[in-house]
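Participant: Okay, here's the structure, questions in a sec.
Only the coordinates and a few stated rules stand behind these numbers; no lab work does. Worth saying up front: this structure is predicted, and the values here are computed from it rather than measured. Note: ideal-geometry Cβ built from the backbone for every residue, glycine included; neighbour counts use all protein chains shown.
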Amino acid sequence: MPDSDAIYHLLFSHPLMVEHLIRGFVPEAMAADLDFGGMARVNAKGHAESLDGKAHRREGDVIWRLPTHGGLDLYLYILLEFQSSIDHWMVVRTQLYEGLLWQQVIKEQELKLGDKLPPLVMVVLYNGKTRWNAPDDSASLVALPPGSPLWPYQPRVRYHVLDMGAVTTEPAADRDNMARLLFLLEQHHPPAALADLLGDVVEWFQQHPDHDPLRRLFNAMVHQAVAGLGVAVPIPEDLTEVRTMLATLGETWKQEWLAEGELKGKIEGKAEGKAEGRIEAKIETLMLLAERRFGPLSSDLRERIKAADPATVEGWLDRLLEATSLASLFGPTN
């Protein structure tokens with residue numbers, strides 16, 4: 001199976017994925033009145049050396065030329081950032097890449113004196129676990145005070161960052177947008193939530209049966225997402241069967257977790273001879289399972305859980321399977 005980097009290059013070499021990306025996440029480009037029917041891939045040429053001293057092959061970048069209904073062309077440059085660390089100097093890299101692309105356009109289109117350069121939109125797709133916090137505008141990196149007469153001479157570069165981990169699953173979100181569904185597949189979900197998400201993917205391809213190459217790529221992404229759950233059984237090739245498997249798996253996990261809590265409660269209840277022993281066992285089980293999914297609990301959160309009434313603890317246990325974070329499980333902390 002190809003890795004995520006290779007799959008993403010293939011996915012955004014598909015015009016429909018690029019259209020959905022722009023429609024769903026790059027409203028500035030939509031304002032240019034794009035003609036998606038006339039879009040065409042651009043093969044990047046040349047290399048750029050980054051601050052680490054290494055030359056980066058630009059042939060792997062995804063670049064599209066999108067005509068507008070007004071007769072102009074807009075170039076969309078999609079840069080994939082699949083790395084654990086955030087590049088603080090990304091804006092410098094984008095300046096290099098944009099300059100090389102403009103040089104390529106000047107040469108290939110034989111632009112003459114008086115001709116205009118086409119507008120560019122640089123989109124950085126990032127899938128790291130830490131939320132993106134690097135400057136997206138060169139102005140914030142230049143050591144000049146406000147109002148300096150040197151500002152007009154400084155390069156002005158800006159890129160549009162799309163942090164896939166920050167894409168939400170809110171009900172109002174467009175679940176018919178394949179770029180959004182793709183970014184959601186990259187996030188961690190419990191089996192039941194992943195099954196619901198996969199239902200949207202299956203439904204889309206049922207309504208668009210003519211996109212078989214795209215379906216195969218999504219199939220690979222779904223298999224990666226399911227494998228991330230640590231499933232120890234063969235994963236079906238058919239997406240509908242995968243969805244059924246996930247729904248069954250989610251219910252099985254939920255029953256196992258609740259049964260574990262009940263078992264601990266019975267053991268503690270016998271030892272204490274009181275119902276208090278059962279709720280204490282459920283509290284311990286809740287904290288154990290929450291830490292298993294989301295990492296260590298703070299001392300304040302532990303105290304809050306221990307002080308909760310039985311009904312609240314039961315509610316947290318019921319939400320544990322569907323929760324995607326500690327905040328979604330326990331609510332905001334004061």
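Participant: So how much slack lies between S328 and R65, counting 0.36 nm per residue of separation and subtracting their Cα-Cα distance, in nm?
Facilitator: Working: separation 263, 0.36 × 263 = 94.68 nm, distance 4.09 nm.
Residue separation times 0.36 nm, minus the Cα-Cα distance, leaves 90.6 nm.
Participant: Using the Karplus equation 6.51 cos²θ - 1.76 cosθ + 1.60 (θ = phi - 60°), what ³J(HN,Hα) coupling, rounded to whole Hz, does each residue of the stretch 177-184 give in order, writing x for Gly and Pro?
Facilitator: 8, 5, 5, 4, 4, 4, 5, 5
Participant: What are the ³J(HN,Hα) values, in whole Hz, obtained from phi via the Karplus relation 6.51 cos²θ - 1.76 cosθ + 1.60 with θ = phi - 60°, for each residue of the stretch 282-299 in sequence order, with x given for Gly and Pro?
Facilitator: 5, 4, 4, 5, 4, 5, 4, 6, 5, 5, 4, 8, 10, x, x, 8, 5, 5
Participant: Also, I was wondering about something else. Please work out the Cα center distance from the stretch 288-320 to the stretch 79-120, rounded to the nearest Å.
Facilitator: Cα centroid to Cα centroid, the span is 49 Å.
Participant: Moving on to the next point. When only DSSP loop residues count, what GluC sites (Glu not before Pro) in the stretch 76-116 have their Cβ near at most 10 other Cβ atoms within 10 Å?
Facilitator: On the way: sites: E81, E98, E108, E110; in loops: E110.
Those satisfying the criteria are E110.
Participant: Would you please give the residues with an amide H less than 5 Å from that of H160, counting only those at least 5 places away or on a separate chain, with H modeled from the backbone geometry?
Facilitator: The answer is M122, V123, V124.
Participant: Could you tell me the calculated FRET efficiency between L150 and H88, based on Cβ-Cβ distance and R0 = 22 angstrom, to the nearest 0.05?
Facilitator: On the way: r = 23 Å, r/R0 = 1.03.
The formula returns an efficiency of 0.45 here.
Participant: Using the Kirkwood formula over every pair of different C-alpha atoms, what hydrodynamic radius in Å results for the stretch 98-148? Don't skip to the answer; put the middle values down first.
Facilitator: Values: mean 1/r = 0.0681 Å⁻¹.
This gives a value of 14.7 Å.
Participant: Let me ask something else about it. Which ³J(HN,Hα) values in Hz, rounded to whole numbers, follow from the phi angles of the stretch 92-105 under the Karplus curve 6.51 cos²θ - 1.76 cosθ + 1.60, where θ = phi - 60° and Gly and Pro get x?
Facilitator: 6, 4, 5, 4, 4, 5, 5, x, 5, 5, 4, 4, 5, 5
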